[in-house]
Amino acid sequence: MAKRKLMAHLVAGYPSQEVALEIARSLVRGGADILEVQLPFSDPSADGEAIQTACTHVLSSGYSTARGLEFISSVHREFPQIPIYLMSYASLVYTPGVKNFCKRASASGVSGMIIPDLPFDFDEGLTASCKEFGMTNIPVVAPSMSEERLKKMAHAGFPYIYAALRTGITGTGTVIDQSTLDFIKKVGEGGSRVYGGFGISNRGQAALLSPHVEAIVAGSVFVRLIAKNAENITELSALLTAKAGELSGAND
């Protein structure tokens, strides 16, 4: 069976800076083609319980944006061939200045930005700043978006669009049905390549979704494994590699 393209999500600094680097290694060993690294945020709008808990854990230690970018730099040095997408929320990007933030992110090895609460058509200059510093802004769309705005986004010329496959928070199960596939088709009708995720946790979902997207996206499934097995790094590494392999098809 063909390898499926996988974007694997991890939280910078979770459960620690050192272990997070081993987590990145484990995901790449399991076949992750892209790493989506989340900068911890105190009040996320789309993250489910697992990722919220991870962010709270990291922030309680005084973790900063600077340390998150240091982590991304470490991952990029080790895996220069793996695109790294920085995922976070608008206030972390807007507060230091969008252009300044993008410059720092690019220097750290970031290839693209995923900021779910910055609308594609009112993005505070994010798309322009990403282009200036050699990155891509990847807007996020959910099925709750109006048909009019969805059509506008689909034809706005973004190289990639992240499709959240259902409305709500991530981490709970997602059914891949005809309505899901119809939504993905609408997102990509203007030529943008579509990343599809939200609640992807097993081989069956991945196999159904993969033919219709540029890459499948998985996050909470990995974060839950980390939370349960953080005390045994060897076992955690094996579990993460196996799960990434299951989703990417590397184990098929």
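Pairing residues of region 102-115 that are farther than 17 Å from Leu10 by Cα with residues that are among the hydrophobic types (A, V, I, L, M, F, W, C) and part of a strand (DSSP E or B), at Cβ distances under 8 Å and at least 6 apart in sequence or on separate chains, gives Cys102/Met113. Counting residues in region 5-19 that are of a type in the set (Phe, Trp, Tyr), touching a residue at least 40 places away in the same chain (Cβ under 8 Å), farther than 21 Å from Gly197 by Cβ and open to solvent by 10 Å² or more (accessible area, probe 1.4 Å) gives zero. Residues in region 202-217 that are in contact with a Lys or Arg (Cβ under 8 Å, 6 or more places away or on another chain) and among the small types (Gly, Ala, Ser): Ala206, Ala207, Ser210, Ala215. In the set Ile82, Ile72, only one residue is open to solvent by less than 10 Å² (accessible area, probe 1.4 Å), within 17 Å of Ala8 (Cα to Cα) and either of a type in the set (Ser, Thr, Tyr) or in contact with a helix residue (DSSP H, G or I) (Cβ under 8 Å, 6 or more places away or on another chain) (or both); that residue is Ile72.
With a requirement of 3 or more residues that are open to solvent by less than 30 Å² (accessible area, probe 1.4 Å) and in contact with a Gly (Cβ under 6 Å, 6 or more places away or on another chain), the helices (runs of 4 or more DSSP H) lying completely within region 161-252 that satisfy it span 233-248. Per the listing Gly30, Gly48, the residue uniquely closer than 19 Å to Arg224 by Cβ, open to solvent by less than 30 Å² (accessible area, probe 1.4 Å), of a type in the set (Gly, Ala, Ser) and at pLDDT below 95 is Gly48. For region 121-149, residues that are among the charged types (D, E, K, R), surrounded by 13 or more Cβ atoms within 10 Å (Cβ to Cβ) and out of contact with any strand residue (DSSP E or B) (no Cβ under 8 Å at 6 or more places or on another chain) total 3.
So that you can scan it fast, the table gives a plain yes or no per residue for (1) assigned to a loop (DSSP other than H, G, I, E, B); (2) farther than 25 Å from Tyr160 by Cα:
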site	(1), (2)
Met7	no, no
Phe41	yes, no
Gln52	no, yes
Tyr63	yes, yes
Leu69	no, no
Phe101	no, no
Phe120	yes, no
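The values are calculated or read from the model by the stated rules, or taken from the named source; none is laboratory data. Remember, it's a predicted structure, so these values are computed and weren't measured experimentally. Don't worry about glycine lacking a Cβ; one is built from the backbone with ideal geometry, like all the others, and counts go over all protein chains shown. Only protein heavy atoms, including side chains, enter the accessible area calculation; ligands, DNA and RNA are left aside. Shrake-Rupley method; radii C 1.70, N 1.55, O 1.52, S 1.80 Å.
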